[in-house]
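So the structure is just underneath, and the comments pick up after that.
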Amino acid sequence: MTVSVQEADFDSGAEIAALSAGREDVGAVASFVGLVRADKGAGAGVGAGETAVRAMTLEHYPGMTEKALQAIVEEAHGRWDFFDARVIHRVGRLLPGERIVFVAVASSHRGEAFAACEFIMDYLKTRAPFWKKEETPQGGHWVDARESDDHAAGRWKKE
């Protein structure tokens, strides 16, 4: 199980292939790729068809971020039976359409792979120490956590 925080782009196909390479016991690989969204026409004062987000800059605290990602993967592994997982999160300045995050989980069965992949992504959005700054026609601003992300992660809490 590996995590990476990097500026470089990634090849999701190659990452998926690596999770099952040489293994005959893998029956499923579930993956998620997050992209920078332009949110056309969604910003205040943005006309129809005008891009609200021109770029996004992601910052992190090296060392702490990787540990937080690893802890999320380990928590998922404690809940679901899977063989391997891969998390890649990019940092630096990214443009609309560029890949931000990759999460993949290899397991015997699809249910375990889907659940673990979704859990990792939900927790990554709420627990990983990343800071996002969006560049819009109105200027730059830091992005606050979304209530919908907290709600998504909240459904995984153990009673």
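Please treat every number below as a calculation from the coordinates, not as lab data. If you're wondering where the values come from, they're calculated on a predicted model, not measured in any experiment. Neighbour counts run over all protein chains shown; Cβ positions are idealised from the backbone, glycine included.
What value, in deg cm²/dmol to 500, does the helix sum -39500 (n - 2.57) over DSSP H runs of n ≥ 4 give at 222 nm once divided by the residues of the chain? About -10000 deg cm²/dmol.
For the chain, the extents of the C-alpha atoms along the principal axes are 53, 38, 32 Å, listed from largest to smallest. Put a plus charge on the Cβ of each Lys and Arg, a minus charge on the Cβ of each Asp and Glu, and nothing anywhere else: the dipole of the chain about its Cα centre is then about 240 debye. Considering only SER108, VAL5, TRP131, and ranking their Cα positions along the charge dipole of the chain that arises from unit charges at the beta-carbon of Lys, Arg, Asp and Glu, the one farthest toward the positive end is TRP131. Taking label positions 7 Å along the Cα-Cβ direction at both LYS158 and GLU7, the computed distance is 4.0 nm, reported to one decimal.
THR57 to VAL33: extension gain in nm, 0.36 nm per residue of separation minus the Cα-Cα distance? Don't jump to the answer; show the numbers that get you there.
Values: separation 24, 0.36 × 24 = 8.64 nm, distance 1.75 nm.
Stretched fully, the THR57-VAL33 segment lengthens by 6.9 nm.
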